[in-house]
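**Q** Following this message is one structure expressed as structure tokens.
Just so it is clear, none of the values below were taken in a lab; they were calculated from the coordinates. Quick caveat, the model's predicted, so the values are computed rather than measured. Note that we place each Cβ from the backbone using ideal geometry, even for glycine, and neighbour counts take in every protein chain shown.
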Amino acid sequence: MDHAARIASQRIAAADRLTRLEQQLVELRALRRGEQDDDEHDPDGVPLSEEWSRLEGLRERAVRTLAELDRAAEAAARGEVPTCIRCGAPIPSGRLEARPQALTCVACAV
Ligand SMILES: [Zn+2]
């Protein structure tokens, strides 16, 4: 699989993840609405607000990943070789295989 194809396949996976997370957030919102009419809480259950923050965090990450993949796809379409935004070194192919939208080399990754 070449770099552009890898970006495309990861983009599909990220978009899929985002769709599922948005669906879960919709379901959670419905649950929360129900909970306001109900004074009984499950003492062992994860508080809905905690679950909400967790899902919202994952959703934001998925949105960011999609944007990064779009940028990587544009750069690949222009024929640019992915280079580290910090040190300018080419990003090793092993790193791009795991993370085609990577902006930094392994050494510069935070
Ligand atoms: Zn670097």
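**Q** Return the calculated 222 nm mean residue ellipticity for the chain, to the nearest 500 deg cm²/dmol, obtained by summing -39500 (n - 2.57) across DSSP H runs with n ≥ 4 and dividing by the residue count.
**A** Calculated mean residue ellipticity at 222 nm is -22000 deg cm²/dmol.
**Q** Next question, about the same structure. For THR83, list long-range residues whose amide hydrogen, built 1.01 Å from N in the peptide plane, is under 5 Å from its own amide hydrogen.
**A** Residues meeting the criterion, in which the H sits 1.01 Å from N, are ILE91.
**Q** Assuming R0 = 35 Å, can you tell me the calculated FRET efficiency for the pair ARG71 and GLN24, based on Cβ-Cβ distance, to the nearest 0.05?
**A** Calculated value: 0.85.
**Q** I'd like the FRET efficiency for ARG86 and SER9, computed as 1/(1 + (r/R0)^6) with the beta carbon distance as r and R0 of 35 Å, rounded to 0.05.
**A** 0.85
**Q** Can you work out the PRE-style zone for ASP16? Point 7 Å along Cα to Cβ, and I want the residues of the range 80-110 with backbone N under 19 Å.
**A** Output list for this probe position: 97-101.
**Q** If I take the Cα coordinates of the chain and project them onto the principal axes, what are the three extents in Å, biggest first?
**A** Computed over the chain, the largest-to-smallest principal extents equal 58, 25, 18 Å.
**Q** Let me ask something else about it. So what is the relative contact order for the range 3-81, in percent, with contacts set as C-alpha pairs under 8 Å and at least six apart?
**A** That works out to 59 percent.
**Q** Let me know the charge dipole size of the chain about its Cα centre in debye, to the nearest 20, where only the beta-carbon of Lys, Arg (+1) and Asp, Glu (-1) is charged.
**A** 1020 debye
**Q** Right, next: Figure the gain on full extension for ARG54 and GLU35 (residue separation times 0.36 nm, minus the Cα-Cα span) and round it to one decimal in nm.
**A** Going from the current span to full extension adds 5.0 nm.
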